[in-house]
């Protein structure tokens, strides 16, 4: 390592220690001498963070691949040749596992991964990857002038929340200030969260309209 810091170095252990993992930039390579000239100083803080995150994801992907190989009865090398390389080239290996966890078998089979192996990838991904949750919300304005109007609106929300269309999402409904009500949807998939939000709003408004009322929906940013 030819460049450690921009200032005078009294003790190299103030910057790097034995066994420590550091991000370095390659300056020159001399194949004849077997030398690689590296720089610590020229690596920005952002580059360090991005590279360490990438390295951690690669390590996780290797562990996930080993789990899939065990379940499939293959060596890691065989599995990588049959499926891992395809996923790695198209999505990146860890990103492929994330997609498998969210979108299921089809996201792998459509790029050429054998279905039996794709099922193992999805199984392992959903067991071992914790996906970040996304949250979307919108406001419905509902009015029903019937004597039991409040009951109509309450039942419209309950029926919409029980629908099969809202599976795989966490839904919260609460009053902002009548006649305004908030629908809040959390999911590990943004498109699914948006879809559930839209379907609940449509179902609620439809039920209120059927009872003689009316309603509008506005997606909150």
Given the options 122, 136, name the one that is more than 11 Å from the chain's Cα centre (by Cα), part of a strand (DSSP E or B) and in contact (Cβ under 8 Å) with a residue 12 or more places away in the chain.
136
When only residues in region 20-44 that are assigned to a loop (DSSP other than H, G, I, E, B) and in contact with a strand residue (DSSP E or B) (Cβ under 8 Å, 6 or more places away or on another chain) count, which is nearest to residue 55 (Cα to Cα)?
24
Restricting attention to region 83-99, which residues are surrounded by fewer than 16 Cβ atoms within 10 Å (Cβ to Cβ) and more than 20 Å from residue 187 (Cα to Cα)?
85, 89
With the requirement that a residue be part of a helix (DSSP H, G or I) and in contact with a helix residue (DSSP H, G or I) (Cβ under 9 Å, 6 or more places away or on another chain), what does region 71-84 give you?
71, 72, 76, 77, 78, 79, 80, 82, 83, 84
If we scan region 145-163, do we find a residue that is part of a strand (DSSP E or B) and surrounded by 15 or more Cβ atoms within 10 Å (Cβ to Cβ)?
no
Just to be sure I understand, how many residues within region 57-102 are farther than 16 Å from residue 128 by Cβ and touching a residue at least 40 places away in the same chain (Cβ under 8 Å)?
0
State which residue is modelled with the lowest pLDDT when the search covers only region 100-118 and only residues that are in a helix (DSSP H, G or I) and buried (at least 19 other Cβ atoms within 10 Å of the Cβ).
102
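The values are calculated or read from the model by the stated rules, or taken from the named source; none is laboratory data. For clarity, every value in this text was computed on a predicted model and none was experimentally measured. Cβ sites come from the backbone with ideal geometry, for glycine too, and all protein chains shown count toward neighbours.
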